[in-house]
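Enquirer: Mind looking over this structure? Questions follow.
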Amino acid sequence: MKEIRIHARAGQGAITAALLLASAAFLEGKYSLAFPHFGAERTGAPMNAYARLSDAPIRLRTQVRRPDYVLVQDPTLIASQDVAEGLKDGGIIVVNSDHPRHDIRLKGKGQIFHVPAARIAQEELGRADRANAPLLGAFAAATGEVKLESLQKAVRSRFPGPAGEANARAIQRAYEFIKNHALVAEGDTR
Amino acid sequence: MTQRFIQGFRAVAEATALSRPQVLSAYPITPQTGIVEELAQMVADGTLKAEFVNVESEHSAASVVLGASATGVRVYTATTSQGLLLMNEVLYNIAGMRLPVVLTCVNRAVSAPINIWNDQQDSISVRDAGILQLYAENNQEGVDLLIQAYRIAEDHRILLPVMVCMDGYILPHAYEPVDIPSQEAVDSFLPAYDPLYRLDPDNPVSMGALAEPDKYLETRYMIHKAMESALKLIPQVAAQFQATFGRATGGLVESYRMEDAEVALVTMGSLAATLKETADELRAEGRKVGVVRLIAYRPFPAQELRRTLGKARRALVLEKAISLGSEGPLALEVKAAFHGLSPAPAIASCVAGLGGRDIPVETIKRLASQPSLASPEFVDLRADVELEGVER
């Protein structure tokens, strides 16, 4: 089983990100679960969304404390949260950021990728605060846990029409960004 | 069986629609659930032929389904938290009038302080109303138990309301694979409601009329006997459900790896899934741990519990509710089920997960190996918070 934790703010679509990711895995014949952890229901408040992907039925209903992968949808949270907390050894963090991040401290072996998801969202969707879909494209490229096509299929089915197409393009661009850029940060600071 | 990847709210709404209710009523503002939002959309779109009555409170929502059910039609409502508490008075009336109302309770904590997250204090608080309570472990069960609930409620030996409880946020907000049965299969399992009595101008009857001291006790006794009948009916309905849908869901109690278990983890609802995962991990470490899950809380399956728990040395009852000034209400009842029996497991009351606090696997493992626990044990009580007026 692979466990994913998403760091975002309420209103940025992180639940949709978890849902699309789990949905893509489901389309590939895996078992999956997506669920939110809300703070108080206020737009802009920090929140987490979680996903679990597995080859067997998923029973665990706890919050994800030891993630295999972390997605940081809102990089302004890095200053106030330890986004690497509990990350498994060999884990991967994907950050929505225009530049490499040196402000995330890994406690074990791990990799950090950055992807300009907000910029891609601005260009493809006209909204920089819709970085969720491109972040998933980067996740697919960085981890290989889901196929690019499955994510695009999931987003088209969730948002039929032009919105789905724009998101599918954003996913593709972020996927290619990671495929075409070398690994940005790797650490073993123990 | 074809699974779809959908949200729990949507799954329950579709199961409700497949059950062909004729009247739905709900108070469309917090605290409410996404279930009725989905159903309201289906009615507005014309895909569900039913009347949806928007009301100004949960008291009114329960009253509308009471009245509609009394006229002999199938009804549904859903609520949570304070909303269920506001329904409580009407629930007693629904049970007393022997009306087979079905509702979903999305379990959430009760104020004050304000807390929107999951626990089961709301449904436990309406324990004595004469309403059957079934607890779902996952969204598939939330669907399956709902369809079974109509069969149980409308059986002429029962004629009582049934409430399907689902842990808020953990289940209905989650997206996971769920099999939504076909309309044909549901129709073959669930025939149209055939009321024994109904409000009909051509054949007038009174419902909920005055019962003086010489009759009231007998009305309570009849409800109690109907609850006892439900103990027999619930497993039968589960067996028929399996025959129709090919899926084992429902019944009174689920037993997991209890054959040789020395320690039993007892619970209701979604926590059972995490407990099963924990039991597997503990077994891999050589500990003989099993899980007992109550699906039915009312009627209380005491005999079934004795059968599944009887050989365990220790039972930890992990529950998301507390009877303040006493212990966990489920733990008290499990203890009562073993009263005067020997051998009997040592039963501990563990109050956990109140107000949405996460219950990690590590915590459950610690409890399972801790030799002595407080009574009740407040699980993961924080040591770093000042508790005014409390001596540590």
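Derivation of every value follows stated rules applied to the coordinates shown; laboratory data play no part. No experiment lies behind these values; they were computed from the predicted model shown. Cβ coordinates were reconstructed from backbone atoms using ideal geometry, including for glycine residues, and neighbour counts include every protein chain displayed.
Enquirer: Would you mind getting the Kirkwood hydrodynamic radius of region B:253-392 from its Cα pairs, rounded to one decimal in Å?
Expert: In region B:253-392 this quantity evaluates to 15.3 Å.
Enquirer: Using only the Cα atoms of region B:1-126, build the gyration tensor, take square roots of its eigenvalues as a ≥ b ≥ c, and label the shape rounded, prolate or oblate: rounded if a/c is under 1.5, else prolate if a/b is larger than b/c, else oblate.
Expert: Oblate shape, in that a/c is at least 1.5 and b/c is the bigger or equal ratio.
Enquirer: Provide the percentage of antiparallel DSSP beta bridges, counting only those with both residues in the protein assembly as shown; round to the nearest 5.
Expert: Looking only at bridges with both residues in the protein assembly as shown, the antiparallel portion is about 35 percent.
Enquirer: If you count, for each residue, the other Cβ atoms within 10 Å and average over each peptide, how do A:105-116, B:168-179, B:334-345, B:286-297 line up from highest to lowest?
Expert: Numbers: A:105-116: 19.4, B:168-179: 24.1, B:334-345: 14.2, B:286-297: 22.0.
My ranking of the peptides, most packed first, is B:168-179, B:286-297, A:105-116, B:334-345.
Enquirer: For peptide B:168-175, what's the mean number of Cβ atoms from other chains within 10 Å of each residue's Cβ? Walk me through the numbers before you get to the answer.
Expert: Details: counts 0, 4, 5, 2, 1, 6, 10, 14.
Mean partner shielding for this stretch: 5.
Enquirer: Moving to a separate point now. Classify region B:3-245: rounded, prolate or oblate, from the alpha-carbon gyration tensor (a ≥ b ≥ c, eigenvalue square roots; a/c under 1.5 rounded; otherwise prolate if a/b is larger than b/c)?
Expert: Verdict is rounded for region B:3-245.
Enquirer: Run through region B:335-392 and list the GluC sites (Glu not before Pro) located in a DSSP loop whose Cβ has at most 14 other Cβ atoms within 10 Å.
Expert: Within region B:335-392, the qualifying GluC sites (Glu not before Pro) (loop, at most 14 other Cβ atoms within 10 Å) are B:E386, B:E388, B:E391.
Enquirer: Summing -39500 (n - 2.57) over the DSSP H runs of n ≥ 4 in chain B and dividing by its residue number, what mean residue ellipticity at 222 nm do you reach, to the nearest 500 deg cm²/dmol? Before the final figure, lay out each step's value.
Expert: Numbers: 12 runs with 149 residues, N = 392.
Computed mean residue ellipticity for chain B: -12000 deg cm²/dmol.
Enquirer: If the viscosity is 0.890 mPa s and the temperature 25 °C, what translational diffusion coefficient in µm²/s does Stokes-Einstein give for the protein assembly as shown when Rh comes from Kirkwood over Cα pairs?
Expert: Rounded, D is 97 µm²/s.
Enquirer: Taking the Cβ-Cβ separation of B:T30 and B:M207 as r and a Förster radius of 25 Å, what is the calculated FRET efficiency to the nearest 0.05?
Expert: 0.20
Enquirer: Most fluctuating residue of B:P191, B:P329, B:P21 in a GNM of chain B with Cα springs under 10 Å: which is it?
Expert: So, out of B:P191, B:P329, B:P21, the one fluctuating most is B:P191.
Enquirer: Of all DSSP beta bridges located in chain B, what percent are antiparallel, nearest 5?
Expert: That works out to approximately 25 percent antiparallel.
Enquirer: Okay, moving on. Give me A:V146, A:V94, A:V83, B:V55 ranked fewest to most by other Cβ atoms within 10 Å of their Cβ, as a rough exposure proxy.
Expert: Ordered by Cβ neighbours within 10 Å, fewest first: B:V55, A:V83, A:V146, A:V94.
Enquirer: What percent antiparallel are the DSSP beta bridges of region B:255-378, to the nearest 5?
Expert: Details: 2 of 19 bridges.
Percent antiparallel among DSSP bridges in region B:255-378 is about 10.
Enquirer: While we're here: For the Cα atoms of chain B, what angle does the longest principal axis make with the long axis of helix B:216-245, in degrees from 0 to 90, nearest 10?
Expert: 80 degrees
Enquirer: Here is a further query. Decide, for chain A, between rounded, prolate and oblate: order the square roots of the alpha carbon gyration tensor eigenvalues as a ≥ b ≥ c, take rounded if a/c falls under 1.5, and otherwise choose prolate if a/b is larger than b/c, else oblate.
Expert: Rounded, because the longest to shortest axis ratio a/c is under 1.5.
Enquirer: By how many degrees, 0 to 90 and rounded to 10, does the Cα axis of helix B:34-45 deviate from the longest principal axis of chain B?
Expert: 20 degrees
Enquirer: Another one. In square nanometres and to one decimal, what's the mean projected area of the convex hull around the Cα atoms of region B:32-83?
Expert: For the Cα atoms of region B:32-83, the hull's average projected area reads 3.6 nm².
Enquirer: Please work out the FRET efficiency for the pair B:E388 and B:D45, using the Cβ-Cβ distance as r and a Förster radius of 51 Å; give the result to the nearest 0.05. Write down the numbers at each step before the final one.
Expert: Values: r = 53 Å, r/R0 = 1.04.
Efficiency, rounded to the nearest 0.05: 0.45.
Enquirer: Averaged over peptide A:60-70, how many Cβ atoms belonging to another chain are found within 10 Å of each residue's Cβ?
Expert: Mean inter-chain Cβ contacts per residue within 10 Å come to 4.
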